[in-house]
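Below: the structure, in structure tokens.
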Ligand code: HEM
């Protein structure tokens, strides 16, 4: 016999809309409800029953790909007939399969290593900017990390320079992307019927998507007319063939994936870097240990790719940061079609799951599960994410990059970039918080970041 899933009572028409209101971020409201109702609770949203999971044991069941699969985010759904990129496509969409098979090798470790000089180029631009700002000017941390990650993915993916560190105004592509992402976030909170009536907002949403499509189309056309030997993602998509069918990717599918990489490839890494610096600055022992490691392993030499894996403590800092504040904080699942009986349950048979249910894992709350991480699960302790203690974690205990076949394809890219930049910054600067009493507040769009984080940077050594 199964039991009813607990959860707050909803209201007619709006369901649990008001339970998700939080002055800081909707994510906080979801986490708060998990504290009240436990590791699984139900909500009614837009006519759908949503089951929200936050324990490692129950997430482990949800990560069984024979029973549950990714539910693509509806807020990012396009209003046109264009194909979906890797992130938004359904797992049985043939376009997803083709793009996945062609792109997996392009995101492999050797291909990512080959992108290192370009990552370094943009990293150096950030170091120069902060050096010129001097020790008395507060740095808007997330803004500059967003410039860095956006410029890096655009350069590595398609040899395009946004030059965000050299221009006052962001490139129009960036404005269109921000507009589109903001509206996507608003759509998640708003009833669909209200959205359908917002004609001006919807027209702008479609206009922003059209603009991004046209610019990307131009980049593909330009590359086809001016072929290069560069090992970037654009060439991988233009020249790669699907090992199953032998076919190459259509232009509209290439374009959908260019846009996907620009979106998925920058905010998440920018948030990771911002939270990592906040964590280090609020935990001085960790900060000094990280800087000492950079001094010992790299000294004043250039930060080269072969040194990155030797930065064990820094790896721990980034992993622990993504444990406490995974920057893609929610992943959504649904029951695999045809899954019935005990396979359509959670909690070892305790709760029935319906084919129409949307299942959400709160990754951050799950990664703070005290049954695995102990009583100090909320504390920042990079040591627990190093060496054997990291290796010995249960498989579902650390999932900031998602799970299984739909896990993050850009993980190695993000890791190389984040490690390199953190090492370069600790090597060159001493940091302090602009406001030593800064208290974390989350800013949530599709991803999360620390709101209004400012720090100051003092050069450690005279630059040559
Ligand atoms: C998928 C997190 C960086 C491209 C995902 C998923 C997560 C994630 C959790 C799975 C989402 C789901 O199951 O619904 C992160 C984090 C990053 C990061 C935390 C940085 C710290 C990147 C980068 C790129 C990228 C740098 C591209 C260069 C993608 C794509 C997918 C994805 C294309 C969809 C893969 C598929 O379904 O086939 N990411 N990501 N991500 N990520 Fe990332």
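The values are calculated or read from the model by the stated rules, or taken from the named source; none is laboratory data. All of these numbers come straight from a predicted model, not from anything done at the bench. No Cβ is skipped: glycine too gets one built from the backbone with ideal geometry, and neighbour counts run over all protein chains shown.
Could you please find all residues in the stretch 353-392 being farther than 18 Å from residue 56 by Cβ and surrounded by fewer than 17 Cβ atoms within 10 Å (Cβ to Cβ)?
354, 355, 356, 383, 387, 388
From the list 317, 336, which residue is within 16 Å of the ligand (Cβ to nearest atom), more than 18 Å from residue 56 (Cα to Cα) and either surrounded by fewer than 17 Cβ atoms within 10 Å (Cβ to Cβ) or at pLDDT below 95 (or both)?
Just a single option satisfies the conditions, and that option is 336.
Can you go through 449, 399 and tell me which one is in contact with a strand residue (DSSP E or B) (Cβ under 9 Å, 6 or more places away or on another chain) and either outside any loop (DSSP other than H, G, I, E, B) or within 15 Å of residue 274 (Cβ to Cβ) (or both)?
After ruling out the rest, the residue left standing is 449.
Quick test of your reading of the structure: residue 442 fulfils all but one of (1) away from the ligand (no atom under 12 Å from the Cβ); (2) touching a residue at least 60 places away in the same chain (Cβ under 8 Å); (3) surrounded by fewer than 21 Cβ atoms within 10 Å (Cβ to Cβ); (4) closer than 29 Å to residue 2 by Cβ. Name the failing condition by number.
The failed condition is (4).
Does any residue of the stretch 81-103 turn out to be in a loop (DSSP other than H, G, I, E, B) and more than 15 Å from the ligand (Cβ to nearest atom)?
So far as the stretch 81-103 goes, yes, one or more of its residues are in a loop (DSSP other than H, G, I, E, B) and more than 15 Å from the ligand (Cβ to nearest atom).
Within the stretch 222-239, identify whether any single residue is under 30 Å from residue 310 (Cβ atoms), within 16 Å of the ligand (Cβ to nearest atom), under 22 Å from the mean Cα position of the chain (by Cα) and in a helix (DSSP H, G or I), and answer yes or no.
yes
Can you tell me which residues in the stretch 136-169 are under 25 Å from residue 221 (Cβ atoms) and surrounded by fewer than 16 Cβ atoms within 10 Å (Cβ to Cβ)?
Once the filter is applied, which keeps residues that are under 25 Å from residue 221 (Cβ atoms) and surrounded by fewer than 16 Cβ atoms within 10 Å (Cβ to Cβ), the stretch 136-169 yields 161, 163, 167.
May I ask you to list the residues in the stretch 262-285 that are more than 9 Å from the ligand (Cβ to nearest atom) and touching a residue at least 12 places away in the same chain (Cβ under 8 Å)?
Within the stretch 262-285, 274, 275, 276, 277, 278, 279, 280, 281, 282, 283 qualify.
Based on what the data block shows, is residue 104 surrounded by fewer than 16 Cβ atoms within 10 Å (Cβ to Cβ), within 19 Å of the chain's Cα centre (by Cα) and either at pLDDT 95 or above or more than 27 Å from residue 407 (Cα to Cα) (or both)?
Yes.
Can you give me the number of residues within the stretch 333-364 that are touching a residue at least 24 places away in the same chain (Cβ under 8 Å) and within 24 Å of residue 405 (Cβ to Cβ)?
Residues that pass the stated criteria total 20.
Let me confirm something: among 143, 151, which residue is without any contact (Cβ under 8 Å) to a residue 24 or more places away in the chain and under 20 Å from the mean Cα position of the chain (by Cα)?
143
Looking at the stretch 129-212, what helices (runs of 4 or more DSSP H) fall wholly within it and have at least 3 residues that are within 16 Å of the ligand (Cβ to nearest atom) and modelled with pLDDT of 95 or more?
141-158
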